[in-house]
1. What are the residues in the stretch 117-148 that are closer than 17 Å to Thr283 by Cβ and part of a helix (DSSP H, G or I), if any?
2. When you go through Pro261, Pro279 one by one, which is the residue that is without any contact (Cβ under 8 Å) to a residue 24 or more places away in the chain and open to solvent by 30 Å² or more (accessible area, probe 1.4 Å)?
3. Would you call Thr162 open to solvent by less than 50 Å² (accessible area, probe 1.4 Å), among the hydroxyl-bearing types (Ser, Thr, Tyr), in contact with a Leu (Cβ under 9 Å, 6 or more places away or on another chain) and more than 16 Å from Thr283 (Cβ to Cβ)?
4. Quick check on Gln254: is it of a type in the set (S, T, N, Q) and assigned by the TED database to the domain that holds Leu231?
5. Tell me which helices (runs of 4 or more DSSP H) are completely within the stretch 1-47 and hold 2 or more residues being over 21 Å from the mean Cα position of the chain (by Cα), or say none if there are none.
6. When the stretch 177-208 is examined, which residues are found to be of a type outside the set (Gly, Ala, Ser) and open to solvent by 50 Å² or more (accessible area, probe 1.4 Å)?
7. Just checking, does the stretch 209-232 include any residue being in a helix (DSSP H, G or I), over 22 Å from the mean Cα position of the chain (by Cα) and surrounded by 16 or more Cβ atoms within 10 Å (Cβ to Cβ)?
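The values are calculated or read from the model by the stated rules, or taken from the named source; none is laboratory data. Treat the numbers as computed from the prediction; the structure is a model and nothing was measured. Methodologically, a virtual Cβ is constructed for each residue, glycine included, from the backbone with ideal geometry; neighbour enumeration extends over all protein chains shown. Note: areas computed on protein heavy atoms with side chains; ligands, DNA, RNA excluded. Shrake-Rupley method; radii C 1.70, N 1.55, O 1.52, S 1.80 Å.
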Amino acid sequence: MHIDPRRLPLLLTVQREGGIVAAADVLRLSPSAVSQQIRKMEEEVGLDLIERTPSGAILTPAGMILAQSAERIETELSDVTRALSPMAGHVTGIVDIGSFQTLIMSVLIPFLGELSRSAPGIDLRLSEVEETPAMAALRAGRIDILALERDATPGPAPRGFTDTLLLDEPWVLATPSHAPAVSSEDDLAALTWLRTPADTAGGKATMRLTHGIAHPMWSVHTYYNYGAALLMVASGLGSTVLPSLALGDAIPEQVRLTPLPTLGVRRILLRHRTHLSGPETPTGQVIELLKRWVSDNPQSWGIQQFT
């Protein structure tokens, strides 16, 4: 039995992504090319590695053994690369980012792969946080970068800190599909609005949008998380304003989306200690690489579909 180790990452990706088509998208290969390589592995080991089901491909017990081995090899190679990076003159270190859910899911997790290729000596760690306690953690040095969401023009950063613009994303009106269509500002008065905290970026955007309505109708339902808001809209509980990152790939058919080009943007900032974020530092490198990656790949999280 001879196993070509170059095919192991394909099997591991199938296991992680839950299917051949999804793995092909991640690997930027055709599904047929992935299937062909899997079949070659099955010929090498003399066992079935994948079971194809109506919901996708799942690994057989033999496939799981190989995928686990592939994961151990991947980890060991990462450790070796990190150990060798200082000898090659690469910046090394741990960078902790505190962020909110939509940025973690749509941007930061996909960015991890790019960072491992561009700066293998940097170990990036993600934490979902709330801004007030996370700011205390940033001051204490427990995190290195704090992602912030702001509506329109933000205020200045605190003394000793710098706010670096990561991206601007458009606000989108989300209404139940059975609600009246919105084609002008006058149509907004017919909507019932979900409540959200007024001090959040979404809350401020909603207040600006409803400011011209003489007597806006407010729902009894309140949300804080954008994912919850989308489900509330899909359930017909009300309408709201959402940033495009909150929409994800699968929009419920019960939700109608309307662009709001005049409402402005949700501004996402990276707050960091000014004196610890130079280009020679791990924090500085993460910020610059993330900015470049976001600029080069706006279509990866759907920013362009509403601009």
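1. Going through the stretch 117-148, the residues closer than 17 Å to Thr283 by Cβ turn out to be 118-127, 129, 134-135, 137-148.
Of everything in the stretch 117-148, those that are closer than 17 Å to Thr283 by Cβ and part of a helix (DSSP H, G or I) turn out to be Ser118, Ala134, Met135, Ala137, Leu138, Arg139, Ala140.
2. On the way: Pro261 fails: without any contact (Cβ under 8 Å) to a residue 24 or more places away in the chain.
Only one candidate passes the filter, namely Pro279.
3. Taking the combined requirement at face value, the residue does not satisfy it.
4. On the way: of a type in the set (S, T, N, Q): yes; assigned by the TED database to the domain that holds Leu231: yes.
Taking the combined requirement at face value, the residue satisfies it.
5. On the way: elements: 8-17, 20-27, 31-45.
Of the helices (runs of 4 or more DSSP H) lying wholly inside the stretch 1-47, those with at least 2 residues that are over 21 Å from the mean Cα position of the chain (by Cα) span 8-17, 31-45.
6. Here is the first cut: in the stretch 177-208, the residues of a type outside the set (Gly, Ala, Ser) are 178, 180, 182, 185-188, 191-197, 199-200, 204, 206-208.
Result: His178, Pro180, Glu185, Asp186, Thr192, Arg195, Asp199, Lys204, Met207, Arg208.
7. Our first condition is that a residue be in a helix (DSSP H, G or I); within the stretch 209-232, this holds for 209-210, 226-232.
Within this subset, residues satisfying the condition of being over 22 Å from the mean Cα position of the chain (by Cα) are 209-210.
So of that shortlist, the ones also surrounded by 16 or more Cβ atoms within 10 Å (Cβ to Cβ) come out as 209-210.
Yes.
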